[in-house]
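Only one structure is covered here, and it is reproduced in the block below.
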Amino acid sequence: MKPRKTKRSPRASKRASSKPMPKKTSGSAAAASSEQRPRIGLEATAERVVQLEHTIQVVNPNLPAVFSTPSMIGLMEHATVMAITSELPPGAITVGTRIEVDHLKAVGPGATVRAWARFVKYEGRFLVFDVEARSGEHLIGRGRVFRAIVHPQEHGAKAQARVQR
């Protein structure tokens with residue numbers, strides 16, 4: 001991912017590219033073929049001030065109080081959701097399916113972390129986002145997040161059917 005030369009606003013922002021939206025071609029319970037899918041290019045940011053509960057020290061008191069990788073990924077995923085929620089089919093949500101993220105630098109409590117996500121492509125039924133996390137001018141994480149569009153009731157029923165009794 002190339003570094004951005006312009007500063008992003010701390011508020012969530014959305015932009016769409018001029019590319020035409022792809023039509024759904026394969027069957028999925030998530031959306032009918034006639035429904036629109038989110039546009040490529042949508043983006044958003046999510047911000048958090050690191051608190052002690054966001055650090056790896058919560059898991060193990062012998063570890064330093066630095067922003068944990070799971071907390072960083074959670075903030076990145078939140079930005080992906082913010083980017084596309086307004087363009088999802090009625091009643092649909094997205095769920096995470098894959099994460100490819102490098103955690104590059106540590107920051108401690110009191111640091112402000114801003115996660116940014118841009119919807120870059122469809123890969124089959126999956127939505128692919130480029131993500132990064134920064135604290136000030138420091139790039140602390142970057143990678144890709146994959147999500148799928150689902151309907152909560154169907155998704156929950158399928159998950160419940162897998163429960164071993």
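Any read-out appearing in this document is the output of simple, stated calculations on the displayed coordinates, not a laboratory observation. Predicted model, so just to flag it, every value in this text is computed and none were measured. Glycine also receives a Cβ, built like all others from the backbone with ideal geometry; neighbour counts cover every protein chain displayed.
Here are some notes:
- The dipole here belongs to the range 43-161: it is taken about the Cα centre, uses +1 on the Cβ of Lys and Arg and -1 on the Cβ of Asp and Glu, and is about 140 debye.
- Once the mean of 1/r is taken over each pair of separate Cα atoms and inverted, the range 43-161 shows a Kirkwood hydrodynamic radius of 15.1 Å.
- The charge dipole of the range 110-165, taken about its Cα centre with unit charges on the Cβ of Lys, Arg, Asp and Glu (plus for the first two, minus for the last two), comes to roughly 220 debye.
- Length added when fully stretched, residue 163-residue 123, from 0.36 nm per residue minus Cα-Cα: 11.5 nm
- In percent, rounded to a whole number, the relative contact order of the range 43-161 is 29, using alpha-carbon pairs under 8 Å and six or more apart.
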